[in-house]
1. Working only within segment 41-59, note down all residues that are at negative phi and either acidic (Asp, Glu) or modelled with pLDDT of 95 or more (or both).
2. Residues of segment 1-23 being among the acidic types (Asp, Glu) and at pLDDT below 95, which ones?
3. Given the condition assigned to a helix (DSSP H, G or I), at pLDDT 95 or above and open to solvent by less than 70 Å² (accessible area, probe 1.4 Å), answer yes or no: does some residue in segment 24-31 qualify?
4. Can you name the residue in segment 1-23 that is farther than 24 Å from THR50 by Cβ and in a helix (DSSP H, G or I) and, of all such residues, is least open to solvent (accessible area, probe 1.4 Å)?
5. Cβ-Cβ under 8 Å, sequence separation 6+ or interchain: first residue in segment 46-59 and in a loop (DSSP other than H, G, I, E, B), partner of a type in the set (A, V, I, L, M). Which pairs?
Amino acid sequence: MRPDGALQTFIDDVESVVGSTDDEHEITKRVADLLSALLAGDYRLPPEVTRPSNDHHVN
(Lines give C-alpha, C1' and ligand atoms only; values in the text may rest on other atoms or scores of the structure.)
Protein backbone atom coordinates (compact mmCIF):
# COMPACT_ATOMS: atom_id res chain seq x y z
CA MET A 1 0.00 0.00 0.00
CA ARG A 2 1.36 3.40 -0.99
CA PRO A 3 0.46 6.16 1.49
CA ASP A 4 -1.97 8.76 0.17
CA GLY A 5 -0.95 12.41 -0.23
CA ALA A 6 -1.71 13.59 3.32
CA LEU A 7 -0.04 10.59 4.95
CA GLN A 8 2.97 10.76 2.63
CA THR A 9 3.41 14.45 3.44
CA PHE A 10 3.29 13.60 7.16
CA ILE A 11 5.88 10.83 6.68
CA ASP A 12 8.16 13.17 4.71
CA ASP A 13 7.80 15.90 7.35
CA VAL A 14 8.62 13.46 10.17
CA GLU A 15 11.68 12.29 8.24
CA SER A 16 12.77 15.91 7.91
CA VAL A 17 12.30 16.56 11.63
CA VAL A 18 14.23 13.44 12.64
CA GLY A 19 17.01 14.34 10.22
CA SER A 20 17.31 17.89 11.53
CA THR A 21 17.97 17.32 15.25
CA ASP A 22 19.12 14.74 17.76
CA ASP A 23 17.09 16.31 20.58
CA GLU A 24 14.42 13.72 21.37
CA HIS A 25 12.29 16.28 23.20
CA GLU A 26 12.31 18.59 20.18
CA ILE A 27 11.53 15.67 17.85
CA THR A 28 8.63 14.58 20.06
CA LYS A 29 7.17 18.08 20.21
CA ARG A 30 7.48 18.72 16.49
CA VAL A 31 6.10 15.31 15.50
CA ALA A 32 3.21 15.79 17.95
CA ASP A 33 2.44 19.11 16.25
CA LEU A 34 2.53 17.46 12.82
CA LEU A 35 0.29 14.61 13.94
CA SER A 36 -2.15 17.00 15.58
CA ALA A 37 -2.40 18.97 12.35
CA LEU A 38 -2.95 15.79 10.32
CA LEU A 39 -5.74 14.60 12.61
CA ALA A 40 -7.30 18.08 12.86
CA GLY A 41 -7.78 17.87 9.09
CA ASP A 42 -10.02 14.83 9.67
CA TYR A 43 -7.44 12.41 8.25
CA ARG A 44 -8.36 8.75 8.75
CA LEU A 45 -6.39 5.68 7.81
CA PRO A 46 -7.85 3.79 4.86
CA PRO A 47 -10.30 1.00 5.78
CA GLU A 48 -8.04 -1.72 4.34
CA VAL A 49 -5.50 -1.08 7.12
CA THR A 50 -7.98 -0.71 9.97
CA ARG A 51 -10.11 -3.82 9.55
CA PRO A 52 -10.02 -6.51 12.23
CA SER A 53 -8.41 -9.83 11.44
CA ASN A 54 -9.92 -13.25 12.02
CA ASP A 55 -6.43 -14.78 12.01
CA HIS A 56 -4.48 -12.71 14.54
CA HIS A 57 -4.54 -9.82 16.98
CA VAL A 58 -4.04 -6.39 15.44
CA ASN A 59 -3.43 -2.98 17.02
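The values are calculated or read from the model by the stated rules, or taken from the named source; none is laboratory data. On a predicted model such as this, the values are computed, not experimentally measured, just so you know. When we count neighbours, we look across all protein chains shown, and the Cβ atoms used for this are built from the backbone with ideal geometry, even at glycine. Keep in mind that these areas ignore ligands, DNA and RNA; they rest on the heavy atoms of the full protein, side chains included. Shrake-Rupley method; radii C 1.70, N 1.55, O 1.52, S 1.80 Å.
1. Taking segment 41-59 and keeping what is at negative phi, we get 41, 43-59.
Matches in segment 41-59: GLU48, ASP55.
2. First, the residues of segment 1-23 that are among the acidic types (Asp, Glu): 4, 12-13, 15, 22-23.
The answer is ASP4, and nothing else.
3. Yes, segment 24-31 contains at least one residue that is assigned to a helix (DSSP H, G or I), at pLDDT 95 or above and open to solvent by less than 70 Å² (accessible area, probe 1.4 Å).
4. VAL17
5. PRO46/MET1; PRO52/VAL58
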